[in-house]
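One structure is given below, encoded as structure tokens.
The values are calculated or read from the model by the stated rules, or taken from the named source; none is laboratory data. This is a predicted model, so every value here is computed, not measured. Every residue, glycine as well, gets a Cβ built from its backbone with ideal geometry; the counts of neighbours run over all protein chains shown.
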Amino acid sequence: MIFMEPLMASVITALIAATASVIVSVINNVAQMQKIRDEQRETFNRFSAETGKAMALTDERIKNLTDEVKKHNSIVERMYKVEQNQAVFERELEDLRSDVKQVS
């Protein structure tokens, strides 16, 4: 029994030391995980803000391009009408020339 008491005291001391080591390790891991989560959240928020700005700029550019395309299409439609009218005028002019030749 005398031999067992110092051995038992050593075992208990080792268990207490191991338990304390595990507790410190768990506390450290929890703190590190919280720090990592905070950094990730900060990075995400910064990225979200930058992405929001980029999206707003992209939306504005798309709106400007859409307006320019509408103006272009309007000009194309008007030129098409002008060309149709020109073709009609040319036919009428040719008809008038042939009428003048017939009268002369």
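Summary table
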{"item": "Any hit, segment 68-84, residues being aromatic (Phe, Trp, Tyr) and exposed (fewer than 10 other Cβ atoms within 10 Å of the Cβ)", "result": "no"}
{"item": "Test result for ILE16, in a helix (DSSP H, G or I), at pLDDT 95 or above and among the aliphatic types (A, V, I, L, M)", "result": "yes"}
{"item": "Pairs, first among the acidic types (Asp, Glu) and exposed (fewer than 10 other Cβ atoms within 10 Å of the Cβ) in segment 41-54, second at pLDDT below 95 and in a helix (DSSP H, G or I), C-beta under 8 Å, six or more apart", "result": "none"}
